[in-house]
Amino acid sequence: MIAPPAADFSAEFDRIDGALEDLQSRIESCRQAIILARAAIVMGLVTLGAVLTIASAYATATVIFAAITAIIAGTVWSGANKSTKDELETERAAAEARKSELFDLIANQNGWEREAPGTYH
């Protein structure tokens, strides 16, 4: 890999850091959506279970249909956000690897030895 000029390192680090922050906020958004989807599944199951066992007087087609819809929609929503989160985590790992490569490149150019994380005394 050909080393860019020193000024470009700073711009590249800023670009990578910005991308990492964006990816982290999008991953967190997916996590929250997964939690909401799981809550919809649980509410659908609780409603369906209660209507079919305890509160059979409320077992109308609308209530049963709404409970089943919540279960199915929650499952689809959870799966979609899980796959999106996995893709974003892959992108984040690639950006962190690129940042690590830049650190190594700078260290090699300056003759520094890069210390392993957590070895500070």
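Here the Karplus curve 6.51 cos²θ - 1.76 cosθ + 1.60, taken at θ = phi - 60°, turns the phi angles of region 46-60 into couplings of 5, 4, 5, x, 5, 5, 7, 10, 8, 9, 5, 5, 9, 7, 8 Hz, with x standing for Gly and Pro.
Return an integer: the convex hull volume of the alpha-carbon atoms of the chain, in Å³ per residue. Write down the numbers at each step before the final one.
Numbers: hull volume 16.4 nm³, N = 121.
Normalising the Cα hull of the chain by residue number yields 135 Å³.
Placing unit charges on each Cβ (+1 for Lys and Arg, -1 for Asp and Glu) gives region 19-103 a dipole about its Cα centre, and among Val46, Ala95, Ile27 the Cα reaching farthest toward its positive end belongs to Val46.
Taking the Cα centre of the chain as the origin, how large is its charge dipole in debye, to the nearest 20, when only Lys and Arg (+1) and Asp and Glu (-1) carry charge on their Cβ atoms?
840 debye
Each label was represented as a point 7 Å from its Cα along the Cα-to-Cβ direction; for Thr69 and Met43 these points are 1.3 nm apart. Using the Cβ-Cβ distance between Phe13 and Ser83 with R0 = 41 Å, the FRET efficiency computed as 1/(1 + (r/R0)^6) comes to roughly 0.85.
Read-outs throughout are calculated quantities, based only on the coordinates presented, and are distinct from any laboratory measurement. Remember, it's a predicted structure, so these values are computed and weren't measured experimentally. All Cβ positions, even for glycine, are placed from backbone atoms using ideal geometry, and neighbour counts span all protein chains on display.
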